[in-house]
Amino acid sequence: MTTTTREQAGKSKDVIKKDGKTFFEFTDRITAFDGMKKDEYPDKGEVCCRLSTYWFEILEKEGIPTHFRAFVPPNVMEVEYLEIIPVEVIWRNFVAGSLLKRYESGEKPLVGIEPRLGARIPEGICEFTTKFEATDRLIDEQEVLDNRWLTREELDMIKESTRRVNNVMSAHLLEKGIILADFKIEFGKNLAGKILLADEVGTPDGCRFWDAGSYDEGRIESLDKDVYRYEKGDLSDAYATIMRRICG
């Protein structure tokens, strides 16, 4: 007898559990500004699923363990079941988004970094936010440790894994004329307690992708969710373009 259950896992994906296996269904839903803006766009789920599959396969070959198990066309992914760690990890190579807003509001100075949109961040920076609060909140490493979400060893391992993810994706993208400005990822623990890269990776929902040629000319051409956030154009076109350029 086949047993299937479905639950909404997040803003853009549903979890399907079938015969002891776990699947992510990438939907066409999209939200911005902590859910204040919501829409659906045709084929968005398929684009994000195919791109995430593309990157998970590359990262696995590079020795970065992930929860990815199989791609089920067009928009479903079989994954290993994990308990998600309640910490979202953000890697920044360039100034954008909330980092710039924090500077402009006087909340946090940018030490050694030019305070303007598109400024390069030497060596990059790694930040952490809460995952399951009503609004994601920036936190420091000590809060992660104090809440016992991670041990020091686990936290250091996640930081190093995130650095490696950045290095792998950035190198691949530059070959295709794309700048990886920043990205966010999640991790979880499997039943054996091993930490794996989770959720999705390398999609325009979770990354800022900029056209490298435009950047060299002094312009930022977004190929990601910023197209939707700031109404820069048609999101379906932007997502189709970034998938075509990355996957070829």
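The values are calculated or read from the model by the stated rules, or taken from the named source; none is laboratory data. All values derive from a computational prediction rather than experimental measurement. Glycine gets a Cβ as well: all are built from the backbone with ideal geometry, and neighbour counts include every protein chain shown.
Of the residues ILE113, ILE125, the single one that is in a strand (DSSP E or B) and farther than 17 Å from LYS189 by Cα is ILE125. Conditions first: (1) touching a residue at least 40 places away in the same chain (Cβ under 8 Å); (2) within 10 Å of the chain's Cα centre (by Cα); (3) at negative phi. TYR215 passes all but one, so which condition is the exception? Checking TYR215 against (1) touching a residue at least 40 places away in the same chain (Cβ under 8 Å); (2) within 10 Å of the chain's Cα centre (by Cα); (3) at negative phi, the one that fails is (2). Please find, within the stretch 118-151, the residue that is modelled with the highest pLDDT out of those that are over 20 Å from the mean Cα position of the chain (by Cα) and within 25 Å of SER170 (Cα to Cα). Per the criteria, the residue is ALA119. Being modelled with pLDDT of 95 or more, assigned by TED's automatic domain parsing to the domain that holds VAL165 and touching a helix residue (DSSP H, G or I) at 6+ places or on another chain (Cβ under 8 Å) is a property that does not hold for TRP55. Restricting LYS176, LYS184 to residues that are surrounded by fewer than 15 Cβ atoms within 10 Å (Cβ to Cβ) and either assigned to a strand (DSSP E or B) or touching a residue at least 40 places away in the same chain (Cβ under 8 Å) (or both) narrows the list to LYS176.
Among the residues that make up the stretch 147-155, is at least one of them hydroxyl-bearing (Ser, Thr, Tyr), loosely packed, with under 14 Cβ neighbours inside 10 Å and either in contact with a Lys or Arg (Cβ under 8 Å, 6 or more places away or on another chain) or closer than 22 Å to GLY35 by Cα (or both)?
Looking only at the stretch 147-155, we keep the residues that are hydroxyl-bearing (Ser, Thr, Tyr), and these are 151.
Those left that are additionally loosely packed, with under 14 Cβ neighbours inside 10 Å: 151.
Remaining after also requiring either in contact with a Lys or Arg (Cβ under 8 Å, 6 or more places away or on another chain) or closer than 22 Å to GLY35 by Cα (or both): none.
No, because not a single residue in the stretch 147-155 is hydroxyl-bearing (Ser, Thr, Tyr), loosely packed, with under 14 Cβ neighbours inside 10 Å and either in contact with a Lys or Arg (Cβ under 8 Å, 6 or more places away or on another chain) or closer than 22 Å to GLY35 by Cα (or both).
All conditions but one from (1) over 22 Å from GLU175 (Cα atoms); (2) surrounded by fewer than 22 Cβ atoms within 10 Å (Cβ to Cβ) apply to ARG245; the one that does not is (1).
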